[in-house]
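So the structure is just underneath, and the comments pick up after that.
The values are calculated or read from the model by the stated rules, or taken from the named source; none is laboratory data. These numbers were taken from a predicted model, which means no experiment stands behind them. Neighbour counts run over all protein chains shown; Cβ positions are idealised from the backbone, glycine included.
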Amino acid sequence: MDGIQLEILWSNLISIVSEQAKALQRIAFSPIVREAGDLASGLFDARGRMVAQANTGTPGHINSLASAGLTLAKLFEGKLGPGDIVITNDPWMSAGHFFDITVLCPIFWHTQLIGFIGSTIHHTDIGGYGIGAGARDIHEEGLWIPPSKLYEAGEPNALLHDFIRHNVRTPDHVFGDLAAQVSSGRAGGERLIALCQREGLQNIEHLSDEIIARSENATRQAIRALPAGTWHGESRFDVPGGSIIELKAAVTIDNVAGDITIDFAGSSGASPLGINVVMNYTHAYSTFAIRSCLNPELPNNHGSLAPIKVTAPKGSIVNAAYPSPLNARHVVGMFVPMPILKALHQVIPDRVLAEGSGAVWTVQIQGKRATGDAFTSSMFNYSGGMGARLTKPGPSATCYPTGVAAVPVEILEAAMPIVFDRRALRPGSGGKGRSRGGDGQIIEFHMHTQYPWLLNAVPSRLDRGPEGLDGGEPGASGRFLVNGKPFSEARKITMEPGDVVLLETPGGGGYGAA
Amino acid sequence: MTYSLAVDIGGTFTDVVLRSSTGALTTDKTLTTHHDLLEGFFRGVDQVLGKAGIAPRDIDGVVVHATTIVTNALIERKGLTTALITTKGFGDVLSIRHEHRYEMYDPQIEFAEPLIPRDLTFEIDERILADGSVLRAVDAAEIEALAKVLQAKGVVSAAICLINGFRNPANEQVVAAILRKAAPGLYLSLSSSVAPQIREYPRASTTAINAYTTPITEPYLRALAVRLAKLDVPNKPLIMLSSGGIIGAEVAGRFPVRMIESGPAAGALAATWYAERLGLDRLLSFDMGGTTAKACLIEDRKPLIASSFEVDRIYRFREGSGMPLTIPSIDMIEIGAGGGSIASVDNLGLLKVGPRSAGSQPGPACYGQGGMEPTVTDADLALGLLDADNFLGGDMRLDRPAAEAAIRRLGDALGTDLAQTAAGIYRVVAETMAAAARTHATDRGVDHRGLPLLAFGGAGPVHACAVGALLESTAVIFPPNASVLSAFGTLVTSVRFDMVRSAPGKLDALDWSDVDRLLTGMTEEGMEALAEAGCGPKTVSLIFGADLRYLGQQNEVTVTFDRDPRAGRDAGMIKRIFEAAYLAQYGVNPSHVPVEIVSWRLTVRGPGIAVGNLETPSGRWGEPKATRPILLWPEAGPASVYDRSSLAAGQVVAGPAIIEERETTIVLPPEWDATVNSIGCVIAKRRV
């Protein structure tokens, strides 16, 4: 296939899934999907290999969808017919906690299975404990949907629908979002068939081989340009409740085969809190870290991910085993790139960045309005500073590795009786250095209420700030204060009407001695 | 005989159109004079009046102006010293942005510096709550002291954007009143009047942009009015807005932020006018120029309106990399592919076109100004679609060997010959446009299939049929006077002003007296603006609308009501209209979820426009002036080449054919036929 024909077909595949991701993001009820783009959409060949993926979404979803497609295609091999649709929220098969539901729509053309359109989105509710890290085991965290058929020959699986309806708090939202996933999958399938018709293709097997082979070769070529060896990096941070987590990564570059292996041996063991990370999610953030430094311009697919291998000791915090709780796995997952970047710093210092605040801080509030009506806010989040780069400062109030937007103060104030006293940059919190780390921010609020209220806040890095690189100074650690007193609590806190909450998110690490 | 005049100042050209009440058009194109935009304005006007043989005092209809002055001021950052005044605790609002990192995979990402730096941002101790109540009133002494600081720092213009100021303008108005007294001559922009919508960052950004550009725009518009009056032009100038509205120069001078991208908006209005004339309910306007292409969806004979957009995107046209604006605007997509876009081979061996552009300097290889890389225009020339001796009517000779050499070098890297490579560039461009249009349509809940295209801009007609084939368009339409279509669009549009105000609340608990107060205030503002533009109260119609969503959602759906929603105080009617609109866009309605209103909208519109007769003479069918081989379709034989001006109404041209105009070329592929209709549109359809 020449570079012109391949470009046309390949860009069409990417545009099919990007369109479906846009449709999903627009329809979704889940606020985090709409505002933060917390979703992934991918196109798979008949063997379940991801061929194209939407240019949106978060790393945790994007790359874990790739392995979900492979697993589900294998599991249902020979068992699918036209009109069937597969669903699961199994954390080990897809994105690491129950909230993320993956829906895979097989595409049949002339009775032949030619591929799948899959999507993962973060749903508003999945029953159980709800948002936060407080469940004691995975069963407290909600409904576990094993791989099953949501639709069979075009008909909804009534029993499964009923199961879901009885086990979530907001069935309208969950089914609204599932309907969006199903309709975007079907629409994507129609677009793929139209493409095949227009371009005279019987199926996409040859095309997918070509895309995967070229992507894999290009990634291996990029790795071959690096020096061989093993480099080490580690990152140490504290999580809600005060426990310290250590992640150690050994990054081995084989510049003959052109592959990279990341081993997390020596990292912390499982946590009793719901912050444990399944292998899929660790793999997703590891490959993200490597690819964004190595060859970010290359589209993500089975081939471009293939040369990167990730291993971690079974039962460690980055390879969680049943029945560890997983709900708030992003709290640790978003730190997964940090030790890898530190190792890569020794190889490609101009393409990495220093440690940043890591996970976004999330907050959720429950209480009563002046009328006595109860409310539960949606989850809202704040970033700290990003780490500095070799020749550029780290951006302030911006998150890495995710890049989620924050909900505006005015939207929150309109939705519940909250009053923000301050939302400002935290001057001087970015680590000093030749390039400075980005500043964190200061958020101060109280509730305009006469009733007690519940605060569910998930801060991190309260113990020490993100480290600098190459002699750069660390960023300031975060501070979480209630009525002026430091606080660290992993579970929901009961608050009094006049209480004032102050969040100071961490600054990013500096780069190079000042 | 009545004459109306339109002047559209774009980045490269200033277009002038004079229309008489018989419908006759006189047009001119002159280079934009960036050092003094009015110089080009009046040169173009002079030329057009000369051609028509009339004097300035004969322009007794409207004078409408669209200009790029505001966009230029922003992109070049050449505004005067501007300050931002915010609520205590929120002075970093422009630096914190949405917090969003718009490009996930680039750890070396950068963000544009805030338009107003931190040391010119001032916090004041006041607070309005979400329900509009005043928690802390403004302290007059604090503002008087601030006035001194502003003067000492040489501040010329100030934006005032206070938390929840959209809900209750009282504190912003008090600040403004004190500053007017204590610092006379200071330009002031209040968020409660520039962009009274919820969400503090986009509102602050919009107000800051308004404040930054007012000191440039206001004197410019004043000078324009003075010079027109000196020439004895009877009426005051009207200004085109990005919403597709037209308003008096004084109102526009207070809200320059509403003038951004008004030229392209006028192009979409022209497309809308053609949709009406051709009896088409929907179409996609497709304007492809030198560096970018712009597209706009027209649904139900109205362009889609966006409630926000971005200016000055600093990263590959990437959403999120520009400054947000929340004002009503015609919803356009900008695609980073135009005639000057450079074709290259990436490290996977794939042919890529854009987003890098050769611009006008050095320009495509065929311009002979030192450009070595092959561009879209070079491919068009090498394929035989363009005539090297007839570009811009022969005023600019193109170097075909240079174009071919550049494309051959690219072909060597791809392993393809000249024809394959050039055809590849042509195909990839069409795919890029089609993909962008599809994604845009999907994002708006619109089915793109079958949408007719209306093509204009220098490169649009060359590529439109290829794009139309990919979008399964039922027809591709090439309007007459395509090179001055935006200026034409300003002359077929009524005077109009669009307003939005946020007042969030549950629909089933609406406070109708609050709604009444809000809509009455908006009506007064609108009537005043239209009166200034010469529309008497009896000629003005009101169109009410609202932005609604299901409780818990973050994006709103905009709906229009067919009457004043206060009549009967019927929240059920509003809910029914919202649910129907939601169903049409998303295909499902969640049951049991309450509906929330976020903002009210009001459009005030002056009387309709009589355009007159634009008939093209029927008569003898024009003959081809030549034939030439086209490398895109070797098997179809040489294409007939026509001069567009020789075509008569009713004439049918069979593809493959090339129809040349001075500023552009229509490419009609094999298997397509084109018909010239009675108003001069060339309408191409695929043979069935």
Name every residue in region A:306-331 that is at pLDDT below 95 and either surrounded by fewer than 17 Cβ atoms within 10 Å (Cβ to Cβ) or among the hydrophobic types (A, V, I, L, M, F, W, C) (or both), in order of residue number. A:328, A:331
Just to check your reading of the model, which residue among B:572, B:568, B:619 is away from chain A (no Cβ under 14 Å), without any contact (Cβ under 8 Å) to a residue 12 or more places away in the chain and at positive phi? B:568
Residues of region B:94-141 being among the acidic types (Asp, Glu) and touching a strand residue (DSSP E or B) at 6+ places or on another chain (Cβ under 6 Å), in sequence order, are B:123, B:126
Whichever residue in region A:1-30 is under 19 Å from the mean Cα position of the chain (by Cα) and of a type in the set (Ser, Thr, Tyr) and, among such residues, is farthest from the other protein chains (Cβ to nearest Cβ): A:30
Within region B:408-422, which residues are touching a helix residue (DSSP H, G or I) at 6+ places or on another chain (Cβ under 8 Å) and within 12 Å of chain A (Cβ to nearest Cβ)? B:410, B:411, B:414, B:415, B:416, B:417, B:419, B:420, B:421, B:422
State whether the residues of region A:279-294 include one that is part of a loop (DSSP other than H, G, I, E, B) and either touching a Pro at 6+ places or on another chain (Cβ under 8 Å) or surrounded by 22 or more Cβ atoms within 10 Å (Cβ to Cβ) (or both). no
Does residue B:543 satisfy the criteria of being among the aliphatic types (A, V, I, L, M), in contact (Cβ under 8 Å) with a residue 40 or more places away in the chain and not in a strand (DSSP E or B)? no
Residue under question is residue B:378, and the condition is that it be surrounded by fewer than 18 Cβ atoms within 10 Å (Cβ to Cβ) and either touching a Gly at 6+ places or on another chain (Cβ under 8 Å) or charged (D, E, K, R) (or both); does it hold? no
Looking at region B:154-186 only, could you name the residues that are assigned to a strand (DSSP E or B) and under 17 Å from residue B:144 (Cβ atoms)? B:158, B:160
Please enumerate the residues belonging to region B:315-349 that are among the acidic types (Asp, Glu) and at pLDDT below 90. B:319, B:334
Reported set for region B:350-382 where residues are modelled with pLDDT under 95 and touching a Lys or Arg at 6+ places or on another chain (Cβ under 6 Å) is B:355
With B:394, B:445 as the choices, which residue is modelled with pLDDT under 95, facing chain A (nearest Cβ under 9 Å) and either under 25 Å from the mean Cα position of the chain (by Cα) or within 23 Å of residue B:643 (Cβ to Cβ) (or both)? B:445
So, residue A:214, is that one in a helix (DSSP H, G or I) and free of Cβ contacts under 8 Å to residues at least 60 places away in the same chain or not? no
Selected residue (only one of B:119, B:92, B:60 is surrounded by 19 or more Cβ atoms within 10 Å (Cβ to Cβ) and either facing another protein chain (nearest Cβ under 8 Å) or not hydrophobic (A, V, I, L, M, F, W, C) (or both)): B:92
If a residue must be surrounded by fewer than 17 Cβ atoms within 10 Å (Cβ to Cβ) and touching a Ser or Thr at 6+ places or on another chain (Cβ under 8 Å), how many such residues does region B:655-676 contain? 1
If the Cβ limit is 9 Å and pairs must be 6+ apart or interchain, which residue in region A:496-511 that is over 24 Å from residue A:359 (Cβ atoms) pairs with which residue that is surrounded by fewer than 24 Cβ atoms within 10 Å (Cβ to Cβ) and among the hydroxyl-bearing types (Ser, Thr, Tyr)? A:497/A:449; A:497/A:451
Can you name the number of the only condition in (1) in contact with a strand residue (DSSP E or B) (Cβ under 8 Å, 6 or more places away or on another chain); (2) within 14 Å of another protein chain (Cβ to nearest Cβ) that residue B:348 fails? (1)
Flag for residue B:601 being closer than 20 Å to residue B:203 by Cα, buried (at least 17 other Cβ atoms within 10 Å of the Cβ) and more than 14 Å from chain A (Cβ to nearest Cβ): yes
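Every residue, every condition in (1) over 21 Å from residue A:40 (Cβ atoms); (2) in contact with an Asp or Glu (Cβ under 9 Å, 6 or more places away or on another chain); (3) charged (D, E, K, R), yes or no:
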position	(1), (2), (3)
A:165	yes, no, yes
A:169	yes, yes, yes
A:192	no, no, no
A:202	yes, no, no
Given the structure, is residue A:506 surrounded by 19 or more Cβ atoms within 10 Å (Cβ to Cβ), out of contact with any Cys (no Cβ under 7 Å at 6 or more places or on another chain) and in a loop (DSSP other than H, G, I, E, B)? yes
Note on region B:424-437: residues within 8 Å of another protein chain (Cβ to nearest Cβ) and either surrounded by fewer than 22 Cβ atoms within 10 Å (Cβ to Cβ) or over 29 Å from residue B:584 (Cβ atoms) (or both) are B:424, B:427, B:428, B:431, B:435
Tell me, which helices (runs of 4 or more DSSP H) lie completely within region B:447-535 with 2 or more residues that are touching a residue at least 12 places away in the same chain (Cβ under 8 Å) and of a type in the set (Ser, Thr, Tyr)? B:485-490
Output for region B:238-265, where each listed residue is over 20 Å from residue B:525 (Cβ atoms) and out of contact with any Leu (no Cβ under 8 Å at 6 or more places or on another chain): B:261, B:263, B:264
Return the residues of region B:537-555 that are among the basic types (Lys, Arg) and more than 14 Å from chain A (Cβ to nearest Cβ); say none if nothing qualifies. B:538
Quick check, is residue B:371 in contact with a helix residue (DSSP H, G or I) (Cβ under 9 Å, 6 or more places away or on another chain) and assigned to a strand (DSSP E or B)? no
How about region A:450-464: which of its residues are crowded, with 20+ Cβ neighbours inside 10 Å and modelled with pLDDT of 95 or more? A:453
Pick from region A:230-256, criterion without any contact (Cβ under 8 Å) to a residue 40 or more places away in the chain and not polar (S, T, N, Q), ranking: surrounded by the fewest Cβ atoms within 10 Å (Cβ to Cβ): A:256
Scan region A:43-57 and tell me whether some residue there is under 14 Å from residue A:119 (Cβ atoms), free of Cβ contacts under 8 Å to residues at least 40 places away in the same chain and surrounded by 24 or more Cβ atoms within 10 Å (Cβ to Cβ). yes
